[in-house]
Amino acid sequence: MVHIKRKELFNGRLLNYLKNVRFSSSLQAQDRVRPQPESDNSFKYADLSVRLAPPHLLQPKPDVRDLVFGKYFTDHMFKVFFHEDLGGWQAPEITPLESLVLHPASKALHYAVQAFEGMKAYRGKDDKIRLFRPELNMQRLNHSAKRLGLPTFNSTEFIKCLSRLISIDQEWVPHCETASLYIRPTVIGVDPTLGVATSRSALLYAILCPVGSYFHGPVSKGVSLLADPSYTRAWPGGCGDSKLGSNYAPTIHVQEKAEEKGLQQVLWLYGGDMQLTEVGTMNIFMFIINEEGEKELITPPLNGLILPGITRMSILNLAHEWNQFKVTERIITMEEVCRLTSEKRILEMFGAGTACVVSPISNIHFLNQFLHIPTMEQPSPIYDMILKSLLNIQYGYVPNHPWIIKVE
């Protein structure tokens with residue numbers, strides 16, 4: 001992630017615009033995610049029990065400069081079991097962080113009956129802790145659970161439980177604006193029987209970890225990508241639009257191939273026309289000069305091949321609200337990328353997701369050639385404007401924004 005001076009980030013016309021903008025219904029519009037019905041038989045926040053870790057088990061907080069994504073975990077976790085034979089969801093609880101005990105025949109271990117979410121809590125300039133659009137993460141997790149035959153839950157009740165967990169471990173939320181608290185809700189099938197079938201028992205849990213930049217090394221020059229059409233992440237009728245663990249494990253080998261070539265991420269392609277779908281674990285955007293000479297922001301459509309990202313939707317919402325350039329959701333092919341590159345009509349490309357927020361792209365290695373993307377050479381890049389806008393909202397510089405829920 002590009003390092004930005006906070007002084008730069010929170011001043012100037014952009015911040016003034018965001019403070020005064022009228023948040024229209026387009027900002028709150030739902031993306032085209034298939035909504036799942038809220039469970040009538042959900043666990044309830046009112047039934048939540050809390051068991052705090054004793055003082056001698058509390059861990060020292062890492063220095064924010066030492067934060068590595070996913071390495072340090074807070075002192076407590078949330079968990080709630082589902083057992084169909086016992087009437088459904090049981091009473092939720094917050095406990096000290098502890099290992100899970102699973103039967104060796106659990107469906108999560110054999111058939112990848114596992115889905116998860118990625119969200120963040122941010123400590124703002126006023127020391128308040130904020131969640132960014134958590135209801136959309138809950139909606140997506142319910143969609144993923146439904147796809148796997150796992151039970152769904154009431155989003156509002158789960159958000160209340162997560163807020164309580166965060167309030168207990170609030171000192172783990174970094175006291176700075178270059179880091180945040182990553183939240184990982186996970187639901188797994190725990191039936192102690194073999195056989196590919198709907199889960200009659202499940203576990204929903206959440207763990208927390210303070211995080212800095214997602215990438216290990218500096219990416220101030222933009223990330224470089226491997227675009228290899230021999231590898232496919234998702235396909236029509238598959239599960240590319242769900243956040244399942246089974247979507248990610250097969251990508252590790254290809255990521256290693258990219259790193260062997262000195263590249264940082266994989267640009268996932270699909271089909272004979274080599275459609276761009278995702279970049280690493282992020283949604284992808286392209287900013288171009290189109291055939292009519294207009295500036296246009298383009299991202300692939302939600303056609304089942306890509307994950308409906310919350311950051312993706314937020315970027316589209318902001319871009320529509322700004323109304324400064326054309327915004328389009330359509331298929332992008334590598335043929336188009338090559339042609340627009342040769343015609344010098346690609347201005348920027350970037351990835352977007354919860355972990356990295358916005359990540360600029362500078363090079364694509366495709367069929368033994370390098371395509372240079374001049375993202376970092378633009379005088380006032382769109383990716384930077386988007387990044388600053390999102391961070392302004394997440395860290396509370398835009399007061400009372402409708403995308404924010406404060407943790408009390």
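Looking only at the range 100-114, count how many residues are of a type in the set (Val, Ile, Thr) and surrounded by fewer than 17 Cβ atoms within 10 Å (Cβ to Cβ). Outline the logic, then answer.
In the first step, residues of the range 100-114 are kept if they are of a type in the set (Val, Ile, Thr); the result is 101, 113.
Okay, now just the ones that are also surrounded by fewer than 17 Cβ atoms within 10 Å (Cβ to Cβ), so 101.
Adding up the residues that qualify gives 1.
If you scan the range 90-109, which residues turn out to be of a type in the set (Asp, Glu) and touching a residue at least 24 places away in the same chain (Cβ under 8 Å)? Can you show your working first?
We begin by selecting, within the range 90-109, every residue of a type in the set (Asp, Glu); these are 93, 98.
Residue satisfying the conditions is GLU93 alone.
One residue is enough: does the range 65-74 have a residue meeting the conditions at pLDDT below 95, under 15 Å from LEU208 (Cβ atoms) and in contact with a helix residue (DSSP H, G or I) (Cβ under 7 Å, 6 or more places away or on another chain)?
Among the residues of the range 65-74, not one is at pLDDT below 95, under 15 Å from LEU208 (Cβ atoms) and in contact with a helix residue (DSSP H, G or I) (Cβ under 7 Å, 6 or more places away or on another chain), which makes the answer no.
Can you work out which of the residues in the range 222-238 that are farther than 23 Å from GLU348 by Cβ and of a type in the set (S, T, N, Q) is surrounded by the most Cβ atoms within 10 Å (Cβ to Cβ)?
My answer is THR232.
So, ASP273, is that one acidic (Asp, Glu) and touching a Leu at 6+ places or on another chain (Cβ under 8 Å) or not? If you could, list the steps in order and put the result at the bottom.
Numbers: acidic (Asp, Glu): yes; touching a Leu at 6+ places or on another chain (Cβ under 8 Å): no.
When the stated conditions are applied, ASP273 does not pass them.
Of the residues GLU292, GLU256, GLU296, which single one is in a loop (DSSP other than H, G, I, E, B), farther than 21 Å from PHE116 by Cβ, free of Cβ contacts under 8 Å to residues at least 60 places away in the same chain and among the charged types (D, E, K, R)?
GLU292
For the range 58-74, check the following and say yes or no: at least one residue is part of a strand (DSSP E or B), under 25 Å from the mean Cα position of the chain (by Cα) and surrounded by 13 or more Cβ atoms within 10 Å (Cβ to Cβ). Explain how you work it out, then say what you get.
First, pick out the residues of the range 58-74 that are part of a strand (DSSP E or B): none.
The answer is no; no qualifying residue exists.
Since ASP126 meets every condition but one in (1) of a type in the set (D, E, K, R); (2) at pLDDT below 95; (3) in contact with a helix residue (DSSP H, G or I) (Cβ under 7 Å, 6 or more places away or on another chain), which condition does it not meet?
Among (1) of a type in the set (D, E, K, R); (2) at pLDDT below 95; (3) in contact with a helix residue (DSSP H, G or I) (Cβ under 7 Å, 6 or more places away or on another chain), the lone unmet condition for ASP126 is (3).
Please indicate, with yes or no, whether at least one residue in the range 377-389 is more than 30 Å from ARG140 (Cα to Cα), among the charged types (D, E, K, R) and out of contact with any Pro (no Cβ under 7 Å at 6 or more places or on another chain). First the steps, then the outcome.
First pass over the range 377-389, keeping only residues more than 30 Å from ARG140 (Cα to Cα): 377-381.
The next check asks that each one be among the charged types (D, E, K, R); those that pass are 377.
Remaining after also requiring out of contact with any Pro (no Cβ under 7 Å at 6 or more places or on another chain): 377.
Taking every residue of the range 377-389 in turn, at least one turns out to be more than 30 Å from ARG140 (Cα to Cα), among the charged types (D, E, K, R) and out of contact with any Pro (no Cβ under 7 Å at 6 or more places or on another chain).
Hey, could you check the range 95-106 for residues that are touching a Pro at 6+ places or on another chain (Cβ under 9 Å) and outside any strand (DSSP E or B) and say which is nearest to LYS79 (Cα to Cα)? Quick ask: steps written out before the conclusion?
Pass one, the range 95-106, residues touching a Pro at 6+ places or on another chain (Cβ under 9 Å): 96, 102-106.
Right, trim to outside any strand (DSSP E or B) and you get 102-106.
Working: LEU102: 14, HIS103: 17, PRO104: 20, ALA105: 20, SER106: 17 Å.
Within the range 95-106, the match that is nearest to LYS79 (Cα to Cα) is LEU102.
How about the range 109-195: which strands (runs of 3 or more DSSP E) wholly inside it have at least 3 residues that are at negative phi and either in contact with a Phe, Trp or Tyr (Cβ under 6 Å, 6 or more places away or on another chain) or among the basic types (Lys, Arg) (or both)?
Details: elements: 114-116, 119-123, 129-132, 180-189.
Of the strands (runs of 3 or more DSSP E) lying wholly inside the range 109-195, those with at least 3 residues that are at negative phi and either in contact with a Phe, Trp or Tyr (Cβ under 6 Å, 6 or more places away or on another chain) or among the basic types (Lys, Arg) (or both) span 119-123, 180-189.
Go through the range 220-265 and count every residue that is in contact with a Ser or Thr (Cβ under 7 Å, 6 or more places away or on another chain) and more than 27 Å from LEU109 (Cα to Cα).
The number of residues fulfilling the criteria is 6.
If we scan the range 243-251, do we find a residue that is over 20 Å from the mean Cα position of the chain (by Cα), surrounded by 21 or more Cβ atoms within 10 Å (Cβ to Cβ) and part of a loop (DSSP other than H, G, I, E, B)?
Looking for residues that are over 20 Å from the mean Cα position of the chain (by Cα), surrounded by 21 or more Cβ atoms within 10 Å (Cβ to Cβ) and part of a loop (DSSP other than H, G, I, E, B), one finds none in the range 243-251, hence no.
Is it the case, given these coordinates, that LEU340 is hydrophobic (A, V, I, L, M, F, W, C) and farther than 28 Å from TYR182 by Cβ? It would help to see each step written out before you state the result.
On the way: hydrophobic (A, V, I, L, M, F, W, C): yes; farther than 28 Å from TYR182 by Cβ: yes.
So LEU340 passes the test.
Of the residues PHE370, PHE325, PHE350, which is closer than 30 Å to SER180 by Cβ, surrounded by fewer than 20 Cβ atoms within 10 Å (Cβ to Cβ) and not basic (Lys, Arg)? Talk me through it step by step, then tell me what you get.
Details: PHE370 fails: closer than 30 Å to SER180 by Cβ; PHE350 fails: surrounded by fewer than 20 Cβ atoms within 10 Å (Cβ to Cβ).
None of the other options fit; the residue is PHE325.
Looking at the range 115-143, which of its residues are over 22 Å from CYS356 (Cα atoms) and crowded, with 23+ Cβ neighbours inside 10 Å?
Within the range 115-143, just ASN142 meets the criteria.
Among the residues of the range 142-164, write down those that are touching a Lys or Arg at 6+ places or on another chain (Cβ under 7 Å) and either within 22 Å of PRO399 (Cα to Cα) or not small (Gly, Ala, Ser) (or both). Full working, then the answer.
Let us first name the residues in the range 142-164 that are touching a Lys or Arg at 6+ places or on another chain (Cβ under 7 Å), namely 143-144, 152, 157.
Correct list: HIS143, THR152, GLU157.
The values are calculated or read from the model by the stated rules, or taken from the named source; none is laboratory data. The model shown is predicted, which means the values in this text are computed figures rather than measured ones. All Cβ positions, even for glycine, are placed from backbone atoms using ideal geometry, and neighbour counts span all protein chains on display.
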